[in-house]
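Structure, as structure tokens:
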């Protein structure tokens, strides 16, 4: 029987980061959440991955979820989130893992692969925010920062009111409620940090990443431009694109997508098996 989850914390510099683990054993996988969300947004996906023989770790990045929440944007850059992910692997004694995430988590996973490709069995990239999305992201986020910063006298009581709402059993909804309950200083710092730091590795570096990669993209959302997902899948030598019908399909109605995701997970499991058994790989050659 698959364990529902276990929780833990570890030190990263001056801060503590929170994580939870789904699955008792198997191929290691780290899934990362979206901007201002938390690990709850990936729980249903983690449970599905666990049925395919994966041990899935969900990390709350700094400034999110149950992890510490500094208000200095210099601490909250995407490349620093990648370092936190690698520190999680070190903390758990994991040499290699499938690394994935949604939106902010997707670009963090790309930064992990660029920094330490030898630690990545594969990449699961959902809704990346890259070159064709960043202009719209800036146009969207800058007014939000201004509103939250100068309107903190409204945002703060609203956040505290949301914090008192009982969380539903639907993890996806609970994650959005948790995001809405963040203090304005934390929201401002996170959004500011995303804008001032590097977002994704350059295209030349992405073309060098050879690990198996599944890129999940969808149309009709300028914050996660379909062109970014499609071009990423073309850039990376061993990547493929999986198109959703709508932005919430993978989270709400994933059955149509699941056979292709399962096939990808089996491929990564085979890579993991080859890495653990080099004699088997040599004999096959």
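Identification of helices (runs of 4 or more DSSP H) wholly contained in region 241-285 with 1 or more residues that are surrounded by 15 or more Cβ atoms within 10 Å (Cβ to Cβ) and modelled with pLDDT under 95 yields 249-252, 258-276. Kindly check whether there is at least one residue in region 20-27 that is modelled with pLDDT of 95 or more and over 28 Å from residue 241 (Cα atoms). Within region 20-27, one or more residues are modelled with pLDDT of 95 or more and over 28 Å from residue 241 (Cα atoms). The criterion of being within 15 Å of residue 30 (Cβ to Cβ) and either in contact (Cβ under 8 Å) with a residue 24 or more places away in the chain or buried (at least 21 other Cβ atoms within 10 Å of the Cβ) (or both) holds for residue 85. For region 199-229, a residue qualifies if it is in contact with a strand residue (DSSP E or B) (Cβ under 6 Å, 6 or more places away or on another chain) and free of Cβ contacts under 8 Å to residues at least 24 places away in the same chain, and exactly one does: 226. For the criterion of being more than 21 Å from residue 244 (Cα to Cα), modelled with pLDDT of 95 or more and buried (at least 24 other Cβ atoms within 10 Å of the Cβ), residue 124 fails.
For region 189-199, does any single residue satisfy the condition of being more than 18 Å from the chain's Cα centre (by Cα), surrounded by 16 or more Cβ atoms within 10 Å (Cβ to Cβ), modelled with pLDDT of 95 or more and farther than 25 Å from residue 122 by Cα? Taking every residue of region 189-199 in turn, at least one turns out to be more than 18 Å from the chain's Cα centre (by Cα), surrounded by 16 or more Cβ atoms within 10 Å (Cβ to Cβ), modelled with pLDDT of 95 or more and farther than 25 Å from residue 122 by Cα. Counting only strands (runs of 3 or more DSSP E) that fall entirely inside region 1-78 and contain at least 1 residues that are in contact with a strand residue (DSSP E or B) (Cβ under 7 Å, 6 or more places away or on another chain), in contact (Cβ under 8 Å) with a residue 12 or more places away in the chain and crowded, with 23+ Cβ neighbours inside 10 Å, the qualifying elements are 15-22, 27-32, 54-60.
Scanning region 151-170 finds no residues that are surrounded by 21 or more Cβ atoms within 10 Å (Cβ to Cβ) and in contact (Cβ under 8 Å) with a residue 12 or more places away in the chain.
Let's see how each residue does on (1) farther than 26 Å from residue 242 by Cα; (2) assigned to a helix (DSSP H, G or I); (3) touching a helix residue (DSSP H, G or I) at 6+ places or on another chain (Cβ under 9 Å):
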| position | (1), (2), (3) |
| --- | --- |
| 131 | no, no, yes |
| 137 | no, yes, yes |
| 144 | yes, yes, yes |
| 149 | yes, yes, yes |
| 158 | yes, yes, yes |
| 162 | yes, yes, yes |
| 166 | yes, no, no |
| 169 | yes, no, no |
| 176 | no, yes, yes |
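The values are calculated or read from the model by the stated rules, or taken from the named source; none is laboratory data. Remember, predicted model here, so these are calculated numbers, not experimental data. Because the Cβ atoms are built from the backbone with ideal geometry, glycine has one as well, and the counts that use them run over all protein chains shown.
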